[in-house]
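Here is the structure we will look at, set down as structure tokens.
The values are calculated or read from the model by the stated rules, or taken from the named source; none is laboratory data. As the structure is a computational prediction, the values presented were derived from the model and not from experiment. Cβ: placed from backbone, ideal geometry, glycine included. Neighbour counts: every protein chain shown. Accessible surface is based on the protein model in full, side chains and every heavy atom, while ligands, DNA and RNA are left aside. Shrake-Rupley method; radii C 1.70, N 1.55, O 1.52, S 1.80 Å.
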2 protein chains.
Amino acid sequence: MQKDTGTEQLILRNAEQIFYLRGFDGARMQEIADRSGINKALVHYYYRSKARLFDAVFVAALQRLLPPLVGVLNSEMALEKKIDAFVEAYFSMVSSHPFMPGFVIQEMHRNPAVFRKFAGESGLLDLGKLNRQLEAGVAEGRYRNIAVEQFVINLLAFCAFPFIARQAIQAFGAFDDKRFEQILDERRSSIPGWMAEMLGPGALPEKRQTSRGAEQP
Amino acid sequence: MQKDTGTEQLILRNAEQIFYLRGFDGARMQEIADRSGINKALVHYYYRSKARLFDAVFVAALQRLLPPLVGVLNSEMALEKKIDAFVEAYFSMVSSHPFMPGFVIQEMHRNPAVFRKFAGESGLLDLGKLNRQLEAGVAEGRYRNIAVEQFVINLLAFCAFPFIARQAIQAFGAFDDKRFEQILDERRSSIPGWMAEMLGPGALPEKRQTSRGAEQP
DNA sequence: TTTTATGTTAACCTTGTGGTTAAACCAAGC
DNA sequence: GCTTGGTTTAACCACAAGGTTAACATAAAA
């Protein structure tokens, strides 16, 4: 009785593309249907309304984006290892879904409530544990003092900002796509070093960066 | 003959608010008219179309946002002073127009061309000069080596990211508005120190930060 | 006072859009 | 063969949204 030709998934995949490109308000149900090669009514058959379809897309995006990152930050790794792992997780995630950062930021601005709800459900970030790691480092004289909140914001800013502001950066620096990818690669290997330098002179001594090109684990 | 009751400016001001809240696609000409207390046709009388009105808003926003920042970076100040001035300029600009960062990012994503055009017109950022300052510092052994592009991206990321991602940060950290403002204040005074630490052990020795609270010039 | 150019409005037009409906399609079970 | 139930479509609907028009208001110029 059930044909299950994967239409539902097909719609979701195409909806993701359209919603990314145009945002919720700019997206058209017709375009999603066209791109999926089906009738518009069929989209409504599976996802009752535009809002529900968007929710499905948004939740799917967040579920792909957040758990790996939160997982790393909540893990038992040493702080230096954590930074490495976080950067690696972020860049690899974004390289397969380059639209995600901009999309999430954009739509979160349009509808903060949805995000707040999701943030509550999916295991909250454990700032307490990170804080203990930072304080331990300070006690041992390895780190300068820095508030956990600022630490996390800085790490995230380093990773996410270039993707979010890509258009602006490219326009202003007159970077073509190839050059920008280069810059991103450079960041991927440089961020851990920058974070270490920010934390203090004792951090990550084996990875101290003094040259432009940078090593990678 | 000309009455000039300031209607044109009135429309622009209200359009800014609406476009910020809803983005281009989400904004309604009717809502802009309503908020301005005038007829919808009058909006079209002054600004022929939604697109033109939006352009006016966008250009006005960029003209308020960019010149002060580019001005600082292109100036003759010493690098440490430049960082201070940039942070100060950014935070003071944003504190009077908190919507701007998110708005610019969002709409630049929707229409990169407009931004590219504007970036070309309004005096481009002079990376060459900044680069010379960085290289001079390296030659004197005061700075570690860092690519200009990365330096600028990092500075901008430090300043802009919290405003752009505010909703996400607040949702995840469960920060209320008051706490978030606190965090922003803390950043405003901490960023120069972080940038200095990133640049190298010799930078900004008189401002090296070792405590959570930080001084302000 | 009449003219004239600018401001302003109510009413209207056209198109696009999210959403619905009723009918057709089609594979499996009887 | 015929029913059955999920799947798919063409046609349709209501209404919202951008934009236009023609008339009206008003203050300065003639």
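Values for this structure:
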| quantity | calculated |
| --- | --- |
| Count of residues meeting criterion [within 13 Å of DNA strand D (Cβ to nearest atom) and within 14 Å of chain A (Cβ to nearest Cβ)] in the range B:52-80 | 1 |
| Test: residue in the range A:40-50 that is open to solvent by 20 Å² or more (accessible area, probe 1.4 Å), in contact with a Ser or Thr (Cβ under 8 Å, 6 or more places away or on another chain) and within 16 Å of DNA strand C (Cβ to nearest atom) | yes |
| Leading residue by the ranking (nearest to the other protein chains (Cβ to nearest Cβ)) among those in the range B:26-51 that are within 8 Å of DNA strand D (Cβ to nearest atom) and within 17 Å of B:ARG110 (Cβ to Cβ) | B:ALA27 |
| Number of positions in the range B:133-147 that are farther than 10 Å from B:LEU79 by Cβ and more than 9 Å from chain A (Cβ to nearest Cβ) | 5 |
| All positions within the range B:162-177 that are more than 17 Å from A:LEU124 (Cβ to Cβ) and either more than 7 Å from chain A (Cβ to nearest Cβ) or open to solvent by 30 Å² or more (accessible area, probe 1.4 Å) (or both) | B:PHE163, B:ARG166, B:ASP177 |
| B:GLY71, sole failed condition from (1) within 20 Å of the chain's Cα centre (by Cα); (2) crowded, with 17+ Cβ neighbours inside 10 Å | (2) |
| Unmet criterion (only one of (1) basic (Lys, Arg); (2) assigned to a helix (DSSP H, G or I); (3) open to solvent by 30 Å² or more (accessible area, probe 1.4 Å)) for A:ARG187 | (3) |
| Test: A:GLU140 is open to solvent by less than 10 Å² (accessible area, probe 1.4 Å) and in contact with a Gly (Cβ under 9 Å, 6 or more places away or on another chain) | no |
| Only one of A:ALA56, A:ALA33, A:ALA89 that is free of Cβ contacts under 8 Å to residues at least 60 places away in the same chain, part of a helix (DSSP H, G or I), touching a Pro at 6+ places or on another chain (Cβ under 7 Å) and of a type in the set (Gly, Ala, Ser) | A:ALA89 |
| Scope the range A:1-39; condition closer than 22 Å to B:ARG28 by Cβ, more than 9 Å from DNA strand C (Cβ to nearest atom) and open to solvent by 50 Å² or more (accessible area, probe 1.4 Å); matching residues | A:LEU21, A:ARG22 |
